[in-house]
Amino acid sequence: MRRAALALAALATLASSPAACRWAPGERSRVVEVDEDGDGRIDFWRPRPEASEVRAPAQGTDPPRTVVLAIDAIPYELFAELQREGRFKAFFPASRLVAPFPSLTNIGFTAILRTRPPSGYEDLYFDPARDAFIGGVRDRLTGEYKDIAPFHEQFDWEEPRLWGAFVFYLPDRVREAELLRIEEILMQFARGGADPVGRNDAELVLYMGSTDAVGHVGGREALTKHLLRVDDVLARFLAAGGGRDRVVLLSDHGMSETPSRLFDLETALDRAGFRLAATGKETRDVVAPAYGLVGSIQLFTSPGQEEAVARAVVAQKGADFAVWREEPPPGAVGTGHDAFSVGAVDAADSPDPLDRPFDTYPMLRERVRQAFADPPLNPAHVLVSLEDGWHYGSALFDRAVEIRGTHGSARGSSSVGFLASNVDRTPAWIAATDAFPWLGLDSR
Ligand SMILES: [Zn+2]
């Protein structure tokens, strides 16, 4: 009951929130931002002629305070382009942060923040032991999502989850309300006031989640527009004192640039004599959670049906490849966690479906193996990566919104997010599992 009341209060805030404070016309241009040593990164700010300067930490140092802003679903290419255009200049050039496969939020942040595995790939997941679907929108209302995806515990602030449930229908309201709140928190932190939301005064981890829906529905143009606003908010924060702290920006995956349509999983399975079912009672029943509209499918099959199901799915237009975990034969040498091989099949029936160019399928073999070695608590038996231009998910939802971009597949467009630090020159490529040391989160 109390939770329902809180949820309603959050919704009321959303309905009435004013636009985030912006720079008054010309205000930003009055702040002096100086790149003293010509390395491309701002070294100090002088907010007003009479004010004292805010000096950035020297490269490679370890400032006492850290701010991490995780922005959902920002492709590396987009962030890098804005940096080349002179935005986000307080940061060294961004790294390409390669999401795990599938390139989904829960999987990505679990790897980046090194938290306990989530229950499933998305907030609605299938539990084979209970032979039932668990989670989904209802859990956003009750707060159970923190059990489903423990990485949420690492965020000192994120949008009330009810906003998340509305973000596809009220994207402008949600992203404004979110940016406004993040700006308030950042400005309070910059002024050195007591940390309004954090677990300690030295680390602040904020999550901007609305950008995922902005990208899905509004496409690259809408994402760019919103990121320019984020840059303005950050510039104010940095000039107000935040520029002395370690500040790290990152995203959990990319976003394709192609409008996409719903993959017909039911027909694919039907043709091969399988049945798309809500439970896995019969040998030829296949269960696949349909939730967000994403570029991958997680399939639960009866034991021994993995390869046949994978072949059935890749025969359908829109599927790129499918992979499954193959256990070693009983009595084989070398057992334990890593003693498995990966089966793979693609539409062309290539001899090695995972032998693909790095620039379009970065770190593919490692990511596919990791998907089975280090899975959610309820691992799927077959994972499918879709072609760009196709998504899978809730048919109801598919009819309600037009999808202009998505993520989830193994392709670079969906998988490559970014990481940018104002203290470290980070490597050109970082696997999501290797991102944590760059965040400067000593207390976690
Ligand atoms: Zn995400």
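In terms of the Cα gyration tensor, with a ≥ b ≥ c the square roots of its eigenvalues, is region 358-428 rounded because a/c is under 1.5, prolate because a/b exceeds b/c, or oblate? Verdict is oblate for region 358-428.
Helices that extend 24 Å or more along their long axis by alpha-carbon positions and average at least -0.5 on the Kyte-Doolittle scale are, among the DSSP H runs of the chain, 171-190, 219-239. Reducing region 90-125 and region 406-436 to their Cα centroids gives an inter-centroid distance of 9 Å. Annotation: peptides 314-323, 70-79, 50-59, ranked by per-residue average of other Cβ atoms within 10 Å with the highest first, follow the order 70-79, 314-323, 50-59. Each part reduced to its alpha carbon centroid, region 209-270 and region 366-384 end up 25 Å apart.
May I ask what percent, to the nearest 5, of DSSP beta bridges between residues of the chain are antiparallel? For the chain, the DSSP antiparallel bridge percentage is about 65. Our summary gives the chain a relative contact order of 27 percent, counting only alpha carbon pairs under 8 angstrom and 6 or more residues apart.
Only Cα sites of region 261-400 enter the Debye sum here, all with the same form factor; the resulting log10 I(q)/I(0) across q = 0.09, 0.14, 0.17, 0.18 1/Å is -0.27, -0.66, -0.97, -1.08, listed in q order. Once you have a ≥ b ≥ c as the square roots of the Cα gyration tensor eigenvalues for the chain, tell me rounded if a/c is under 1.5, and otherwise prolate or oblate according to whether a/b is larger than b/c. Since a/c reaches 1.5 and a/b is larger than b/c, the shape of the chain is classed as prolate.
Close amide H partners of ARG65, meaning residues 5 or more places away or on another chain with modelled amide H under 5 Å apart, are ARG246.
Within the shell of other residues whose beta carbon sits under 11 angstrom from the beta carbon of THR360, the net charge comes to -1, with Lys and Arg scored +1 and Asp and Glu -1. Assuming charge only on the beta carbon of Lys and Arg (+1) and of Asp and Glu (-1), the dipole of the chain about its Cα centre is about 880 debye to the nearest 20.
Overall, the anisotropy analysis places region 54-111 in the oblate class: the square-rooted eigenvalues a ≥ b ≥ c of its C-alpha gyration tensor yield a/c not less than 1.5, with a/b not exceeding b/c. Taking all Cα pairs closer than 8 Å and separated by 6 or more residues, the relative contact order of region 261-400 comes to 34 percent.
For ASP320, the residues 5 or more places off, or on other chains, whose built amide H falls under 5 Å of its own are SER385, LEU386, GLU387.
Every number in this text was worked out from the coordinates using simple rules, so none of it is lab data. Everything numeric here is computed off the predicted structure, so don't read it as measured data. We place every Cβ from the backbone using ideal geometry, glycine too, and count neighbours over all the protein chains shown.
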